[in-house]
1. Does L72 fit the bill of being in contact (Cβ under 8 Å) with a residue 40 or more places away in the chain and not in a loop (DSSP other than H, G, I, E, B)?
2. Given the conditions (1) surrounded by 13 or more Cβ atoms within 10 Å (Cβ to Cβ); (2) in a helix (DSSP H, G or I); (3) modelled with pLDDT under 70, report the number of the one that V180 does not fulfil.
3. Of the conditions (1) touching a Leu at 6+ places or on another chain (Cβ under 7 Å); (2) closer than 27 Å to K129 by Cβ; (3) modelled with pLDDT of 85 or more, N325 clears all except one; give me its number.
4. How many of the residues making up region 82-105 are surrounded by fewer than 19 Cβ atoms within 10 Å (Cβ to Cβ), in contact with a Pro (Cβ under 7 Å, 6 or more places away or on another chain) and under 27 Å from V52 (Cβ atoms)?
5. What number of residues within region 39-51 satisfy the criterion of being surrounded by 15 or more Cβ atoms within 10 Å (Cβ to Cβ) and either at pLDDT below 75 or part of a loop (DSSP other than H, G, I, E, B) (or both)?
6. Among the numbered conditions (1) at pLDDT 90 or above; (2) under 30 Å from I146 (Cα atoms), tell me where L55 comes up short.
7. Starting from region 185-206, keep only residues that are touching a residue at least 40 places away in the same chain (Cβ under 8 Å), then list their pairs with residues that are assigned to a loop (DSSP other than H, G, I, E, B) whose Cβ atoms are within a distance under 6 Å, requiring at least 6 positions of separation or different chains.
8. Could you check region 109-126 and list, in sequence order, the residues that are closer than 15 Å to L360 by Cβ and either of a type outside the set (V, I, T) or modelled with pLDDT under 75 (or both)?
Amino acid sequence: MELSQNFIKKISNRIDWLLILFILPIIIAGLVTMKSFAPLENAGDFFNKQIVWILISVAVFFIFSFIDFRFLKRTDVLVFIFLLNSLILLMLFIFGNISHGAKSWFNFGYFSFQPVDIMKLILVLILAKYFSRRHVEIRDIKHIFISGFYALIPFILVLLQPDFGSAMIIFLIWLGMVLVSGISKMHLLLVFGSGLIIFMSLWFLVFAPYQKARIVDFINPLANIHGSGYNAFQSTIAVGSGQITGKGLGFGTQSRLKFLPQPQSDFVFAAYAEEWGLIGSLLILFLYGVIIWRILYSAVLGAYNFEVLFSMGIAIFFISHIFINIGMNLGLMPITGIPLPFMSYGGSHLLTEFAGLGILMSMKRYARSVHRDDTKNEFLGA
């Protein structure tokens with residue numbers, strides 16, 4: 001009896017139940033949206049498989065919450081994991097399965113797995129470690145280039161698949177962590193200014209007209225609604241037709257009549273907005289806002305720079321996905337195939353999201369036992 005009480009007490013202390021409370025409605029919203037167009041061909045399979053992925057991901061979350069992840073503060077461990085995952089990304093070019101024009105999946109029959117999702121989490125970890133060891137000399141411009149090298153490897157491997165959406169997320173994770181680490185904004189501006197000059201030179205001197213047209217279509221998909229912008233156009237119709245209160249559950253014509261592509265994954269927000277309207281959409285945005293707040297609150301509890309930066313990195317990870325996916329559904333961002341956290345169909349991103357939060361809970365557990373004054377003992381190279 002006493003053992004069970006102690007176990008329950010440990011769970012209560014280690015888990016941010018408020019965070020879980022606000023994640024659950026988003027998961028349910030995704031499931032309900034998938035169920036609403038279940039009569040469509042294969043739509044019922046999405047719902048059933050997603051239930052399985054949710055159960056597995058939640059189990060991973062609780063398991064990870066009880067693992068002591070302080071071994072991840074070792075540089076050799078993180079570099080090994082980083083190189084191993086980079087090798088797995090390389091293997092995609094040989095053994096990968098092509099889906100939606102990108103060779104970014106391993107197909108195992110009943111399910112597929114996208115290793116770049118794990119790489120995003122690993123990148124957050126390795127950048128958190130890198131910047132935490134260099135907080136004294138962080139304003140040195142060399143750290144922009146060294147940290148950029150860590151991001152450049154997966155960025156290139158993913159871009160060659162080609163998976164532009166995941167490459168964009170990798171870039172945003174690096175950029176966000178550079179900004180929160182305290183690096184000189186002037187140095188960062190110089191780097192981006194140089195990059196802009198190079199791009200403009202390529203635009204006017206190197207790129208052919210058809211290459212320029214592809215770039216314009218990618219940046220502004222609604223410019224060609226009968227071609228590359230068709231999906232974005234149908235998505236904006238779905239969101240707009242939901243108006244204030246929505247058409248009602250199961251009455252989303254864009255998804256049911258198959259005008260809306262991928263309503264279970266890339267465009268699940270558009271399918272949801274059509275049925276639940278502006279009110280339902282604002283509710284989802286509010287829930288995401290609370291989730292980000294709880295993650296950032298964990299950063300406040302971090303005992304050392306590594307824990308603080310990892311928490312901020314996880315927040316950047318979620319913000320990037322939410323911003324790009326919803327922007328894409330509203331026709332404001334390029335169509336990139338980025339999932340909406342906790343809501344889109346798919347196991348790879350769901351496992352990564354819950355794994356990241358599980359590590360966060362684990363760090364939150366032992367960080368509380370360390371007095372903030374002890375952070376003065378953290379030194380370079382530790």
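The values are calculated or read from the model by the stated rules, or taken from the named source; none is laboratory data. Values in this document were obtained by computation on a predicted structure and should not be read as measured data. All Cβ positions, glycine included, derive from the backbone under ideal geometry; neighbour counts span all protein chains shown.
1. When the stated conditions are applied, L72 passes them.
2. Answer for V180: the failing condition is (3).
3. With respect to (1) touching a Leu at 6+ places or on another chain (Cβ under 7 Å); (2) closer than 27 Å to K129 by Cβ; (3) modelled with pLDDT of 85 or more, N325 is out only on (2).
4. Adding up the residues that qualify gives 1.
5. The number of residues fulfilling the criteria is 2.
6. (2)
7. Qualifying pairs under 6 Å: H187/I141.
8. Answer for region 109-126, where residues must be closer than 15 Å to L360 by Cβ and either of a type outside the set (V, I, T) or modelled with pLDDT under 75 (or both): K120, L121, L125.
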